[in-house]
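Notes to accompany the following structure.
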Amino acid sequence: MKHIAILGYGTIGSGVAAVLRVNAKQIAARAGEEIVVSKVLDLREFPGDPVQEILVHDYQEIVADESIDIVVETMGGVHPAFEFVSQALSQGRSVCSSNKELVASKGAELLKIAKEHNCNFFFEASVGGGIPIIRPLSTCLTADDIDEVSGILNGTTNFILTKMDQEGADYAETLKEAQKLGYAELHPEADVEGFDACRKIAILLSLVTGKTVNYEQIPTIGITEITAEDFQYAKFFGASIKLIANSFKVDDQFYAIVAPMLVPAEHPLHAVNDVFNGIFVHGNVLDNAMFYGRGAGKLPTASAVVADVIEAAKLGHQYASYGWSEEAYEIGNPLIVRRRFLVRIAEESAEIDEKIKEVFGKVMHIHYLKGEGSVFLTEPICEGDLPDMVAQVGTLISAIRVLD
Ligand code: HSE
C-alpha cells in the first residue's frame with residue numbers, strides 16, 4: 001500500500017481525492033498496490049467532509065509522518081509550495097504537482113533535487129490540465145527534432161474569445177458572463193493578460209530544448225484589447241482570433257510569444273473552442289500532431305495528477321529523467337520574427353490605398369464600412385519593422401499577428 005499526502009484541498013486537491021476514490025480498483029491494479037490518502041494539508045476546516053479526519057494545518061506533521069511515500073502538491077503559487085516540495089523530495093518522496101507557477105519558475109531545480117534523492121518530480125497537470133502533453137513531449141517524441149509547439153493553453157480566454165466570435169459580443173460583457181458562469185475569476189488578470197499561457201509555454205519549451213526558458217523573456221500580450229470589430233475583420237479572411245502561445249525554431253533558434261492571433265480556418269487550432277485547450281506540435285519526422293481536451297477543471301486535471309501518482313508508485317526510487325536542466329535557454333529576438341499581420345488604421349482613401357501598397361507591397365486589402373478606416377492583411381514582415389511601416393501609412397488602431 002502506498003500512502004500519499006495532498007497539499008491543498010481546493011478544486012484540484014479535492015479532485016485528486018475523488019479520482020482516487022472513484023477509480024480505486026483500476027488505480028490499484030495499474031499501480032500494483034492500493035493508494036491511500038493519509039494526510040491532507042489545508043489551512044481551512046471542512047466540516048462534514050471525511051477529509052476532516054485526516055486534515056492537518058501544519059506541513060511539519062506531514063514531514064514527520066514516515067508512512068508517507070508520495071506527496072501531491074495542488075496549492076498553487078511558488079511559495080510556500082517550493083519549500084514544501086523541495087523538502088519532500090529531499091526526504092526521498094516523489095511529488096506530483098499541478099502547479100504551473102512552481103514548475104515554470106523552479107522546475108529544473110526540483111528535478112535536480114528529485115534526482116539527487118532517487119525520487120521523482122512529476123507535473124503532467126501543470127500544462128493542458130487533463131491533456132497528456134508533458135510526458136508525450138519528454139518520452140514519446142524524443143526521436144524527433146521538434147520545431148514548433150503552439151497551443152491554446154488557457155481555457156478562460158478561449159471561452160471568452162469563442163463567445164466573442166460566435167455572438168459578436170464585446171470583451172467586457174463576455175468577461176462578465178464568463179465570471180458569472182465560473183469560467184473566469186473575479187480577478188482574471190493571470191488569464192486575460194496571458195501570464196498563465198506564458199508560464200505554460202515556457203514549461204513546454206523547456207522540455208523541448210532541455211534547458212530552462214525564463215517565462216519573463218517571452219513577450220506576452222493579453223486579450224483585453226480585442227474588439228468585436230476585430231472578429232468581423234478576421235471573419236472576412238475566414239479566420240478566428242485565439243490566444244496563442246506560439247514557439248517555433250528557425251536555424252536552431254527558438255522564438256516564443258503569447259498573443260491573440262488570427263487563426264486561419266485550415267489550422268488545426270482553429271477548431272479548438274470554448275474552455276478546451278489544444279496543443280499543436282510539429283516534428284521533422286513526426287510531422288503534425290495535435291493534443292486536445294479539457295485544459296482545466298477539477299476531475300480532468302486531477303486525472304493527470306493521479307496518473308503521475310500511479311507512475312511514481314510504479315517507479316519507486318527510480319528517477320525518470322525529463323532531460324530538463326537548469327542551464328538557461330535564451331529565446332531569440334522577437335523583433336526579427338517574420339509573420340503576417342492584420343493591420344487596421346484609422347484612415348481610408350484611394351490615396352491611402354496606394355500608400356499601403358507602396359509601403360507593404362502585396363497586401364490583401366479591404367475597405368470595410370465607410371468611416372472605419374482601412375484593414376489589410378500583410379505578407380510576412382519583420383515584427384520590428386511594423387511600427388515604422390504603419391506610421392508611414394496612417395494611424396494604427398490594431399495589428400494582430402497571424403498564426404501560419
Ligand atoms: N485558469 C486556467 C485556465 C486554469 O483558464 O486555463 C488551468 O490552468
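What follows is calculated from the coordinates using simple rules that are stated; it is not laboratory data. Small disclaimer: the values here were computed from a predicted structure and weren't measured. Here the Cβ positions follow ideal geometry from the backbone for every residue, glycine too, while neighbour counts run over all protein chains shown.
Applying the condition of being polar (S, T, N, Q) and over 30 Å from VAL375 (Cβ atoms) to the range 292-347 and asking which residue is nearest to the ligand (Cβ to nearest atom) yields THR301.
Among the residues of the range 140-157, how many are under 15 Å from ALA289 (Cα atoms) and either of a type outside the set (Val, Ile, Thr) or within 19 Å of the chain's Cα centre (by Cα) (or both)?
First, the residues of the range 140-157 that are under 15 Å from ALA289 (Cα atoms): 140-152.
Applying the additional criterion that residues be either of a type outside the set (Val, Ile, Thr) or within 19 Å of the chain's Cα centre (by Cα) (or both) yields 140-141, 143-152.
Here the count works out to 12.
Of all the listed residues (ILE35, ILE68, ILE54), the sole one being surrounded by 14 or more Cβ atoms within 10 Å (Cβ to Cβ), among the β-branched types (Val, Ile, Thr) and within 20 Å of GLY130 (Cβ to Cβ) is ILE35.
Could you tell me which of the residues LEU186, LEU175, LEU181 is away from the ligand (no atom under 12 Å from the Cβ), farther than 16 Å from ILE279 by Cβ, in contact with a Pro (Cβ under 8 Å, 6 or more places away or on another chain) and not β-branched (Val, Ile, Thr)? Break it down stepwise before answering.
Working: LEU186 fails: in contact with a Pro (Cβ under 8 Å, 6 or more places away or on another chain); LEU181 fails: in contact with a Pro (Cβ under 8 Å, 6 or more places away or on another chain).
That would be LEU175, the only listed residue that is away from the ligand (no atom under 12 Å from the Cβ), farther than 16 Å from ILE279 by Cβ, in contact with a Pro (Cβ under 8 Å, 6 or more places away or on another chain) and not β-branched (Val, Ile, Thr).
Restricting the search to helices (runs of 4 or more DSSP H) fully inside the range 6-75 and requiring at least 3 residues that are within 21 Å of GLY295 (Cα to Cα) and not aliphatic (A, V, I, L, M) gives 11-22. Only one of (1) in contact (Cβ under 8 Å) with a residue 24 or more places away in the chain; (2) at positive phi; (3) not acidic (Asp, Glu) fails for VAL375. Which number is that? Against the list (1) in contact (Cβ under 8 Å) with a residue 24 or more places away in the chain; (2) at positive phi; (3) not acidic (Asp, Glu), VAL375 comes up short only on (2). If the condition is being under 17 Å from GLY182 (Cβ atoms) and either of a type in the set (Asp, Glu) or not in a helix (DSSP H, G or I) (or both), then the range 291-309 contributes ARG294, GLY295, ALA296, GLY297. When the range 104-140 is limited to residues that are within 16 Å of the ligand (Cβ to nearest atom) and in a helix (DSSP H, G or I), the one that is farthest from ASN154 (Cα to Cα) turns out to be GLY107.
Regarding the range 81-103, can at least one residue be identified that is part of a helix (DSSP H, G or I) and closer than 30 Å to ASN284 by Cβ? So far as the range 81-103 goes, yes, one or more of its residues are part of a helix (DSSP H, G or I) and closer than 30 Å to ASN284 by Cβ. Criterion first (within 16 Å of the ligand (Cβ to nearest atom) and in a strand (DSSP E or B)) does GLY151 satisfy it? Yes, satisfied.
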